[in-house]
Each structure stands twice: as C-alpha cells, then as structure tokens.
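Nothing in this text is a laboratory measurement; each read-out follows from the coordinates by a stated rule. Everything numeric here is computed off the predicted structure, so don't read it as measured data. Every residue, glycine as well, gets a Cβ built from its backbone with ideal geometry; the counts of neighbours run over all protein chains shown.
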Amino acid sequence: MFLLLGINVANDSVRPKKIRVLPGFKLTLGFTLFYLGLIVLIPLAAVFWKTTTLTWPQFWHTVTMPTAMASYRLTFGASFCAALVNVVFGLVVAWVLVRYEFFGKKIVDALVDLPFALPTAVAGITLAALYSDHGWVGQLLSPLGVKAANTQLGIFIALTFIGLPFIVRTVQPILEDLDPELEEAASSLGANRWQIFWRVTLPLLTPALLTGFALAFARALGEYGSVIFIAGNIPMKTQITPVIIMQELDMFDYAKATAIAVVMLVVSFVLLLAINVLQWWANRHNTTNLA
Amino acid sequence: MTPVATTFHPPRQIAHRHTTSEPPAVRRLLIGVALGFLSLFLFLPLVFVFTQAFAKGIGFYLETLRDPNAWNAIKLTFFAAAIAVPLNCVFGVCAAWAIAKFDFRGKNVLLTLIDLPFSVSPVIAGLIYVLVFGAQGWLGLKFPQIADWLTVHNFNIIFAVPGIVLATIFVTFPFVARELIPLMQAQGRSEEEAARVLGASGWQTFWRVTVPNIKWGLIYGVILCNARAMGEFGAVSVVSGKIRGQTNTIPLHIEALYDDYNFTGAFAVASLLAFLALVTLGLKTWVEYNNAARNEIEITK
C-alpha cells in the first residue's frame, strides 16, 4: 500500500501538469461545483444570512434560553454516553465477528448495518412501543422501577441503537488487518493474553475506536426521527436540540430556529474537523505499523 | 547419537494457542455478550415491527396499505427517490471522475464539502430550504422576480412536493460520491490513459473501461442512497407541511398514524420500510460478496 502510494506520487511529479490525456476535467469539475453550490453551499449559507437579521443580544438571548440550555446538556450527555457504551459493545461485536466462528455469523454481520438501513421513523416508533409500559421490554423493566419511555434513558437507548454500526464498521477492518505476529511476539516475550490485549492490541485499535466514537457522537447530536417518539419531548426534561428547532419552526419563528441551528452547525463542523484529523492520524498510525 | 534431540518438545505450543485466541470460556462469554447486545438492540426491534404489523390480522394490514392516504404516501416517496437517486448518481460519477483522474488545488477541501450533508442534522437540512424558498425567504428578498414568477404559476416549493425532493437530494447527496471516489482513486488512471492512447474517444473510454471497473461500487452507492431517500424523516418533515394524501411520504404517514394512536396501522406501513431495509442489507451483502470474489480472481491472475 505504502509502496503503491510512493509510485503514484513519483509519477505525478514526473508528468507535465499541462498535458491531460483524459478528457472531461472542466465538465465534471464544473458540474460538481455547480451542483454542490446549488444543493449544499447556498442553502447552508442562508442559515448564516438569516442569523444576521438578529442583533447580537437577541441571538445570545435565544441560544441561551433555559429550554435550549437544557436541550444542549441532554443532547450532549445522552450522545456521549451512547457513544461510550457503543465503544465497549461495538468492540466486543467487532472482535467476535473477526476472531470467532459461530452459527449464523454471516447473518449477524449483515444485520449490524440495520440502524443505517432502517428509516429513523420506523426505529423511533419501534423503540417507543418496545419500551412503553406495556411493551415487550418495558413491562420487564417497570417492576424494577426503571422507566424508559418519555425519559432521558429512552433517548440514550435510541442513540445507542443509531450509533452501533459506526464503531463496529470502523474497528472491524483494522482488526482484520492486524498482523498476528505482533501478538505472537508479545506472547513469546512472556505476556499473558490479557496483557497482550491491553498493551498491544488495544493501543493499535485506539485510533479506530476514537474515530468510531466521534462518528457515532456526531450522528447522535443531530438525530431526530428515532428519538422523538420514545422521548415524549417534555420541555426542560426530554427535549433534544433538534426538537427545539422544530418547535420554533412550527411557530414560524424562523430567526430563533436559525439561531439554535447555527449553534448546532458550528458544533458539527468542529466535530467534522476533529474526525478528519482523527482519520488522518489513524491512517498514519497504520502505515507506520506496516512499515 | 544423543537422546536429547529426540526428547525435545516444542516448548511454545501451549503459549502459541493462547496468542491466537482466548480460553473457550472467555470466547463463549464474549460471543454471548455480543449476541445478547445485538438481540436486544437489533433483532428484537426487527421482529417487533413485523409482529405488530400483523397484530390485527392480514385483512387490517392490507386495508391500511390500500388506504388512499397510504397509497399517496407510497407514490410520493417513490417519486422523490426517483429524482434524487439518479441526480446524486450523476453527481457522484462526475465528482469521482474529476477528483480521481485529475490533480487540482483544493481537492481536500472539495472532499470535505461533499461530505458536509452527513454532518448536518436532518432538521437543519429541512430548515435551510425553508430559509431559501419559504415565506420571507432569501429567494423572495434577493430575487423577487423569480419568487413572483413562481407564485404566479402556482409553483410552491416549501410545504409542497419540490421541497420534499430538494430535502431528499440534500440528505442523500454524498452517498454515491463517497463510494466511488476512493474506489476510482485506488484504480488510478492508467487503464483510461491506455484506452485513449489506443484511440478510444472520451465516451468510449468512460463506458468501456471506467464503468465496468466501478460497476459494483456504483450499485453499492445507489442501494444505500435509495434506502436513505425512501426513509428520510427529519428533513422531509420540516419542508412537507404534512398535508395528508398530498405531502406525506411513507415515514410521515407512519408518524401521522402513530399520532392517531393507530399503532397497528403505523407498524403495518412501517413494515414496508423495514422490508426495504432488509432488502437493502441483502443486496449490500450480495454486492460485497461479488466484489470480494472479483478481487480474489484478480489476485490469483
């Protein structure tokens, strides 16, 4: 892989930049930029344009109103916990799928992507009904005094469902490509199985786990469909930030909705940057290992 | 000669077995934990959708799906996907061609911008189109002629079908491109260049060399794009206005039935989308299997 990259780089520097054998550069790049601008960039810019209709105190007042502040704490907290739980269970699932053989493994492997493929509204009503007091899981939980429907626990459950494939699918390929010689070497030097996992395998998987965590966290922050049904959307208690935006939109208060959207967008962009840096780090990490 | 050599046993045999795997008890525990977690979060919800859908019998199920509002929602969903998927497909191929086959400045910025719709909350994806095309929107303020022309011709965008199509295009924007770009970058440009040197025209090169090479990646991207297009909820619910029988897509119709406490009806319609999800997963696995088989053949060659 590294070698191939090297050859490509060398070729590029030798080839005179002006001569292009392949046609269609202007056409395809032109269309790409046009379509990107029309569908994504101009509409996104409208958010920042709309914010300028608010004065700074108005903007600050909107984004710090008590319901919004409560929603940030809830959205961040639940997304963080869900992503953390997924790191643990996602690693176990990836480990089991890569290293062990068991009956029905291929079907399990395919079904891990279900949260990607299942529309969020379907996931939403299903989780809400499953965890309601009369639902299959809810009626087992209620004698224990645990209530998931219309509580923050419910939001956490929905976000865990949504985030699972992100961790499994980022860790799985790294685990598959892991050189068994590293673990064998550690063993021949006298490490036991637990030490090998803790000191050799886990550090090698850390970049992938962090990337998966960041992807699951970012997705959970913006999640709407799978959460609103189980959350019950009680003000100050179980309203996630997208629900606050939706509420302002329903009252046709576009400026307020936009102000809160700007906060979410800025957080998403920072996360996107962090994920890119993480992935770059993970790639470098792997290349160094191979070399 | 000396009996030492014959009594020598490889000392690392036990340790070696331990290095490649865990003790059987730990294995069983880990498999149990993984399957338990997946059962609770994946299998149980999936089984639940289908059992609830048929809770009042097949008659009620069919009646729910034959309802004119349901039928309208199904048609609208297919309509939106039929526009969004081909457009994003053309975009994906163009973007991948430009990025993989040529060198230009700002390529990394372009790659990040293409991924942008994935990091935007669906609710915000809907909101941005309301801000552009809605009442007192950007278009109306900056280009009143266009906005007036649209009003005169009774062509509404927000709370109407065009808005739904636009929101669907936005949320499915990167799917095909992000499948094709790494694939075409890995394949390089030598095959296309060879075809050109041998006298093929640009289109011939594209259809006879590039398309067969990217076929599976393209199918893969289209499958994922379509699944998301038909299942999108948040973005569409902002721009749709939720007029029953007119601007409700399948996911919005599910919400409407659920809010009416018609749970069996909601799950009956939801079972359509759950079935679509299963078909998507099946096709995805099939494509991955084909792709892996093809790669193996190429390696053995």
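Quick rundown of the values:
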| read-out | value |
| --- | --- |
| Looking only at the stretch B:255-301, and only at residues there that are loosely packed, with under 14 Cβ neighbours inside 10 Å and acidic (Asp, Glu), the one that is nearest to the other protein chains (Cβ to nearest Cβ) | B:Asp259 |
| Number of the condition not met by B:Thr205 [criteria: (1) surrounded by 15 or more Cβ atoms within 10 Å (Cβ to Cβ); (2) among the β-branched types (Val, Ile, Thr); (3) in a loop (DSSP other than H, G, I, E, B)] | (3) |
| Hits in the stretch A:164-194 - residues which are over 14 Å from A:Asn86 (Cα atoms), part of a helix (DSSP H, G or I) and within 11 Å of another protein chain (Cβ to nearest Cβ) | A:Pro180, A:Glu181, A:Leu182, A:Glu183, A:Glu184, A:Ala185, A:Ala186, A:Ser187, A:Ser188, A:Arg193, A:Trp194 |
| Odd one out for B:Ile158 among (1) under 30 Å from B:Trp138 (Cα atoms); (2) surrounded by fewer than 21 Cβ atoms within 10 Å (Cβ to Cβ) | (2) |
| For A:Met236: the one exception among (1) without any contact (Cβ under 8 Å) to a residue 40 or more places away in the chain; (2) within 24 Å of A:Thr151 (Cβ to Cβ); (3) surrounded by fewer than 13 Cβ atoms within 10 Å (Cβ to Cβ); (4) hydrophobic (A, V, I, L, M, F, W, C) | (1) |
| All positions within the stretch B:189-202 that are part of a loop (DSSP other than H, G, I, E, B) and facing another protein chain (nearest Cβ under 10 Å) | B:Arg189, B:Ser201 |
| Residue among A:Ala214, A:Ala220, A:Ala261, A:Ala231 that alone is closer than 28 Å to B:Leu127 by Cβ, crowded, with 20+ Cβ neighbours inside 10 Å, within 8 Å of another protein chain (Cβ to nearest Cβ) and not hydroxyl-bearing (Ser, Thr, Tyr) | A:Ala261 |
| Residue within the stretch A:98-120 that is hydrophobic (A, V, I, L, M, F, W, C), in a helix (DSSP H, G or I) and away from chain B (no Cβ under 14 Å) present | no |
| Filter result for the condition that a residue is facing chain A (nearest Cβ under 10 Å), under 26 Å from A:Asn276 (Cα atoms) and either among the hydrophobic types (A, V, I, L, M, F, W, C) or surrounded by 17 or more Cβ atoms within 10 Å (Cβ to Cβ) (or both), over B:Phe175, B:Phe133, B:Phe118 | B:Phe118 |
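The rows are residues; the columns are (1) part of a helix (DSSP H, G or I); (2) over 26 Å from B:Phe275 (Cβ atoms); (3) within 12 Å of chain A (Cβ to nearest Cβ); (4) not hydroxyl-bearing (Ser, Thr, Tyr).
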residue: B:Val209; (1), (2), (3), (4): yes, yes, yes, yes
residue: B:Ile219; (1), (2), (3), (4): yes, no, no, yes
residue: B:Met230; (1), (2), (3), (4): yes, no, yes, yes
residue: B:Gln246; (1), (2), (3), (4): no, no, no, yes
